[in-house]
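Coordinate-derived values only; no laboratory data. Nothing here was measured: the structure is a model prediction, and the numbers come from that model. Cβ: placed from backbone, ideal geometry, glycine included. Neighbour counts: every protein chain shown.
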Amino acid sequence: MADTFASRFAAVRAEHGPLAWGLDPSGAILDEWGVGDTPDGLDRFAEIALGAAVGTVGLVKPQAAFYERHGWRGFRTLQRLIAEARSAGLLVIVDAKRGDVGTTNDAYAEAFLGADAPLGADALTVHPYLGLGAMGTFVTRAHESGSCLLVVTRSSNPEGRGVQSARDGAGRSVEEELLVEIGELNARLAPGEIGPIGAVVGPTHMEPTLDLAAVHGLVLAPGVGAQGATAADVARIFAACPDRVIPSASRSLLGSGPDMSRLRDTAEALAVEFREALPV
């Protein structure tokens, strides 16, 4: 069994803090940086952003869609970014939010998880709305390869509230049920330890409260910075499991580009905030 994502996260957290830098090259960012919203501009973005991230943070989180929109060259850039980031000691969370059934899930899992995956990441986001039980291959490959599966549970966008807060006949909401299922799955896969299945919980919509510690896994917390959440918000909301939360920011950091030293300084300042708010 490979070493776990949880153990690798603990190591980088001790050195750099828990912040994950979202490397999301939207067309607007590429234009603002003056590199051009083209495949060549995307390559230049990846080179600058990765150069700024190494030694500044311990994790990066590229959103796959911003690379895919550039076609095969975008996929090539994403593949290279993942490989170079991991070689440099960064943990890579690919934010792809995949999720389907049967052989389609098998193919997604083979693409992103495991030593033989062409886009092999340390962690992958998925959505569970075809049923957590349909994620079998994702779960197996994540567990066997020491990767992590991050299941969208409570997102940071307001449009998701209607679905995620809907209640079943027993009065339990969809998001509450997901956390219970994830916790039970982790208890089977890694009893007494932090399991390979985590949750995505945005810190911008936290009513009603959720039993986050019961997940027995890591929690990705997007929505920091441009979406309004602060380090203090994250510390308060995840007080029951402060060592398991991975806060993520993208636009608020990338706005300092393309100057690499400014990017480093901006990211380091936020990383310091999280090291202080969520001490080891």
Q) With θ set to phi - 60° and the Karplus curve 6.51 cos²θ - 1.76 cosθ + 1.60, what are the ³J(HN,Hα) couplings of the range 61-69 in order, to the nearest whole Hz, using x for Gly and Pro? A) 9, x, 8, 4, 4, 5, 8, 4, 5
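Once the mean 1/r over all distinct Cα pairs of the range 125-280 is inverted, what Kirkwood radius in angstroms do you read off?
16.4
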Q | Value of relative contact order over the range 13-135, rounded to a whole percent, pairs C-alpha under 8 Å and six or more apart | A | 22
Q: Compute the acute angle (0 to 90°) between the alpha-carbon long axis of helix 260-277 and the principal axis of greatest extent of the alpha-carbon atoms of the chain; round to the nearest 10°.
A: 30
Q. Between GLU207 and ALA187, what FRET efficiency follows from the Cβ-Cβ distance if R0 is 30 Å, with the result rounded to 0.05?
A. 0.65
Q. Using the alpha-carbon centroid of each, what span in Å lies between the range 138-193 and the range 1-78?
A. 25
Q: Between SER165 and ASP100, with labels modelled 7 Å along Cα→Cβ, what's the label distance in nm to one decimal, could you check?
A: 3.3
**Q.** Value of relative contact order over the chain, rounded to a whole percent, pairs C-alpha under 8 Å and six or more apart
**A.** 21
Q: For n ≥ 4 DSSP H runs only, could you compute -39500 (n - 2.57) per run for the chain, divide by its residues and tell me the 222 nm figure to the nearest 500?
A: -13500 deg cm²/dmol
**Q.** Cα-only radius of gyration and Dmax that characterise the range 234-280, units Å
**A.** 12.3, 38
Q) Taking the Cβ of ASN105 as the center, what net charge do the other residues with Cβ under 15 Å away carry, scoring Lys and Arg +1 and Asp and Glu -1? A) 0
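Can you tell me, using C-alpha contacts under 8 Å and at least 6 residues apart, the relative contact order of the range 1-83 as a whole percent?
Values: 80 pairs, mean separation 28.6, N = 83.
Reported as a whole number, the value is 34 percent.
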Q. Cα-based Rg of the chain per 2.2 N^0.38 Å, rounded to two decimals?
A. 0.94
Q | Highest-fluctuation residue, ARG86, ARG244, ARG188 considered, GNM on the chain with Cα pairs under 10 Å | A | ARG188
Q) If you plug each phi of the range 227-237 into the Karplus form 6.51 cos²θ - 1.76 cosθ + 1.60 with θ = phi - 60°, what whole-Hz ³J(HN,Hα) values come out, in order, with x for Gly and Pro? A) 8, x, 7, 10, 4, 5, 4, 5, 4, 6, 5
